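Below is one structure, written out as C-alpha cells; comments come after it.
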Amino acid sequence: EKEAITTLQPLVAPWWKETEKRSGKCEGNHLHKWEKLDERDESLTCARCGCGSTIPKLFNPHSHVQCRKLLYELMGLKPQKNKTHKVSTDDECLDRLQRKFPDHATIVEAILDARGARKQLGLLRSTLDSDNRWRSSVNVGAAVTGRYSSSKSAFWTGGNIQNVADRSRGMFVAEPGLVLFYADYEKAESQVVAYDAQDMGYIDAHGEGKDLHTEVAKLIWPDVVVDRASAETHPPWDANLAYRDYAKHVGHGSAIGMSPHGIARDAHIKVATAKEMQDAFFRQFPRVRARQNEIWNEVVETGQLISPVGRRRTFLGRLVGEGARDTRREALAQTQQSMIVDWVGIALCRIWEELDGSVELGVVPHGGQPNRCWLLAQVHDAILGMVRWGDD
C-alpha cells in the first residue's frame, strides 16, 4: 500500500499543491523557532535549522474528499455519478474516468491500485485465534433473498469468509493428511431463469458441452462470433473486453431486469449499444421477458412471491411510481438467488448429517476422526470443506 501511494505522488504533483504544518523538532531535539524572514511573506522559517513551517501534503487515495478535489476540481475531469446519482469517486466511477480520459488513466489506475492493496491488507492483518485458525461468524437471516452473510467471529478474530479474493486464498491450508475442497454450482442462477421461464432456447444454451456466454454472443453478433475462440476476441470498440464478456453482462443483467442504462454502466459501453444487445437477447429468448412480466404482475397483485421450492417473500417497497423500479429488480432477482441458497442449504445439511457426523469441540480436525468430510463454510453458491486425500 505504501509503495502504491508513493508511486502516486509524482503523478498528481502537477495539480496537487496542498501543504500541511511541519511537525517534529530540529536536530538536537530542539523545538523549532519560527520567524518571518520577510514582512511581505506570510510563510515562516525556523531560525535554528532554516526549514519552512509547511511541507507538501501527501495525496491520500483513500480519501474520497481529496479524490473529488483532485479529479473534478483541480484536473477538471467531468464529475461522475454513482448508482444513487451522487457525484462520487467510488471504484465504478473511477473505472468510467479511466475509459473516458485515457490521458489520465495512469493516475486513476494508481488510485485503484492503492485502494485494492488496502482491501487485501485488511484481510492479511486479520487476527487469528489462539490455535492459529481463522474463524468467522455467519448470519443466516440477514439478506432478504435468504443468502448467508459473514463477518468477524464473536471474539473479533478472522473476518468475512465469503469475501476472500482468489489471489489470497492460497494462504489457507488444510490440516495434515487432509485437502481443501470448494464445490460450487456452475451457471446456476441463469439456469434457474431458463427453467423457471421454460424458455427452451435459453435452456438449450446451457446444454452439456456448451458455454452459455459464447452461445449468447453468437446470437448477438452472428456475423462475428461462431465459436468460443471468436467469442474471446475483442470488438473494435474495446481492446480490453471480449465479445464473451459483453454477452455475460447482457445475459446476467437482462435476467435480473437491468435496464440498458444499468448494463451500459456495468459493461462500460454506450447505452445505445447496450439496448441493441439486450433487444437481441430478448428476441432470441422471448419467454424470459414474458416470465419477468408474470413475476412482476404477481408481486403487484399480491405483494408476495413464492419460489419453486416454497420460499415466500413479502415485498415492502413501492409497487407503483418512481420507487417501483427498484422493487421490480428485487423481485426478478429473488427466485434465482433464493433457489441457489436453498439448494446449497439442502446439500449442506445432507453433508453434515451423512459425512460430517463427528463433533469434538475444541479438537482440531484430523484423519483419525470417523468423518468423511469436515465442513468449513457456505460461500453463497458453494461449500468449502476438507476431505482426506483422494476421497473425492
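General observations
- Segment GLU20-ARG167, extension gain: residue separation times 0.36 nm, minus the distance between their alpha carbons: 49.2 nm
- With the convex hull constructed from alpha-carbon coordinates only, the chain shows a mean projected area of 28.4 nm² over all directions.
- Extension gain, GLU208 back to ASN29 (0.36 nm per residue minus Cα-Cα distance, nm): 57.0 nm
- Taking Lys and Arg as +1 and Asp and Glu as -1, the other residues whose beta-carbon sits under 12 Å from that of ILE383 total -2.
- Full extension of the segment from GLU232 to ASN297, taken as 0.36 nm per residue of separation minus the current Cα-Cα distance, would add 19.6 nm.
- Pairs of Lys in segment 33-107 closer than 19 Å at Cα, counting only those 8 or more apart or on different chains: 10
- Under the membrane-span-like helix rule (DSSP H runs whose alpha carbons stretch at least 15 Å along the helix axis, mean Kyte-Doolittle hydropathy 0.0 or higher), the chain yields 2-12, 105-124.
- Accessible area of the chain belonging to carbon and sulfur atoms, whole % at 1.4 Å probe: 52 percent
- Cα-based shape type of segment 74-146, given that a ≥ b ≥ c are square roots of the gyration tensor eigenvalues and the cut on a/c is 1.5: oblate
- Neighbour net charge for LEU94 - beta-carbon separation under 12 angstrom, K R +1, D E -1: -1
- Label-point separation, TYR182 to SER130 (7 Å along Cα→Cβ), nm: 3.2 nm
- Heavy-atom SASA rank of HIS252, HIS261 (probe 1.4 Å, accessible area, largest first): HIS261, HIS252
- The chain: most fluctuating residue of VAL179, VAL216, VAL288 per GNM, C-alpha cutoff 10 Å: VAL179
- Evaluating kT/(6 pi eta Rh) at 10 °C and 1.306 mPa s, with the Kirkwood radius of segment 34-182 over Cα pairs in the Stokes-Einstein relation, gives 79 µm² s⁻¹.
- Ligands, DNA and RNA are left out, and with a 1.4 angstrom probe the accessible area of segment 68-139 is 59 Å² per residue.
- Based on DSSP H segments of at least four residues, each scored -39500 (n - 2.57), the chain has a per-residue ellipticity at 222 nm of -12500 deg cm²/dmol.
The values are calculated or read from the model by the stated rules, or taken from the named source; none is laboratory data. Since this is a predicted model, take the numbers as computed values, not measurements. We place every Cβ from the backbone using ideal geometry, glycine too, and count neighbours over all the protein chains shown. Only protein heavy atoms, including side chains, enter the accessible area calculation; ligands, DNA and RNA are left aside. Shrake-Rupley method; radii C 1.70, N 1.55, O 1.52, S 1.80 Å.
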